Amino acid sequence: MTAKMSKATFAAKVENLDEIREFVGEEARQAGFSDKEIYAIQLAADEASTNIIEYAYDGVEDGEIEIDCNIADGELEIVMRDKGKTFDPSSVPEPNVKADLSERKIGGLGMYLMRKLMDEVYYSSSTRMGNVLTMVKRV
């Protein structure tokens with residue numbers, strides 16, 4: 001498969017989540033993923049986007065999410081960039097998914113889901129690049 005790269009920028013607004021899912025889903029389809037895998041990739045992208053909107057851009061009206069999708073060598077790499085507040089995913093404890101719902105702490109499921117649904121998840125932050133979340137899924 002030849003390498004392919006697509007790029008899109010979305011306003012960091014909840015009403016754009018459908019468009020983000022569509023964009024990522026189409027890229028996953030072109031990479032050769034099954035419908036079930038496409039759904040998992042879309043769910044991971046949705047969780048990431050929601051976290052960016054709700055936490056990184058909390059109170060910011062004009063935030064943007066840049067998304068690069070790279071397809072090469074049987075894998076899809078999704079790179080999401082934002083200029084919002086920084087976040088350390090390693091500070092999020094693994095949720096106890098076996099605990100009774102009434103005993104679970106609120107939050108932390110987004111990162112857990114991204115890590116479960118994707119093969120690799122990386123996060124970095126710098127003043128020049130902003131926040132960069134990279135998720136990889138192999139066919």
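Bear in mind that the values in this text are calculations on the coordinates, not laboratory data. All values derive from a computational prediction rather than experimental measurement. Neighbour counts are summed over all protein chains in view; Cβ atoms, including those assigned to glycine, are modelled from backbone coordinates with ideal geometry.
Results, tabulated for the structure shown:
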item: Wholly enclosed strands (runs of 3 or more DSSP E) of the stretch 1-86 bearing at least 3 residues over 20 Å from Arg115 (Cβ atoms); result: 4-11, 64-72
item: Subset of the stretch 6-15 (residues that are closer than 11 Å to Ile67 by Cβ and of a type outside the set (Ser, Thr, Tyr)); result: Lys7, Ala8, Phe10
